[in-house]
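To start, the structure itself, in structure tokens.
The values are calculated or read from the model by the stated rules, or taken from the named source; none is laboratory data. Values in this document were obtained by computation on a predicted structure and should not be read as measured data. Glycine gets a Cβ as well: all are built from the backbone with ideal geometry, and neighbour counts include every protein chain shown.
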Amino acid sequence: MTNIAWSEETQKLYQENIKNGFEFRNLNTLFGHVMTTGKPVIANDPVNDSRQGGLPPGHPAMTSFLGMPIYSDNKLIGMIGLANRPGGYDDKIIAHQQLFITSCAHMILAFKTQRDRRSAESNLIAAKQQAEAVNKAKAIFLQISAMS
């Protein structure tokens, strides 16, 4: 989750949760509806929206909501949630965000690729160290065997 701070109160909330983030486990929410349907969600009266299932403790109130799925090769890889735009949201705003959504998809994929590369490098280093330790133990064993 990115910085949701638009006031001193929400800045404090963000700072308290920046390390671990918010966990959205309840998919019976506006956020969850985006993830389970893979479609944009517009809720200009979220309190009375039938898809609204509440907010996590401490989450700021929402007066309007726009959730947009992020796809890569027809696979849902993320979502963006915007809230509290004066006047709400509409399909025109969704259309204007498509370049941004595409850019986000590229950034998510780049992040995952970098994370996977770092993990593979770490695994290779560990395997190399283990092989070197085995070779060292083998050499010592052979030295001891030759002396006997």
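Brief remarks follow.
- Against the test of being under 24 Å from G87 (Cα atoms), surrounded by 15 or more Cβ atoms within 10 Å (Cβ to Cβ) and modelled with pLDDT under 75, the options T63, T2, T29, T10 yield a single qualifying residue, T10.
- When every residue of the range 100-121 is checked against the conditions, none turns out to be more than 19 Å from the chain's Cα centre (by Cα), part of a helix (DSSP H, G or I) and either among the hydroxyl-bearing types (S, T, Y) or within 25 Å of M62 (Cα to Cα) (or both).
- Set G87, G78: member being without any contact (Cβ under 8 Å) to a residue 60 or more places away in the chain and closer than 19 Å to G32 by Cβ: G78
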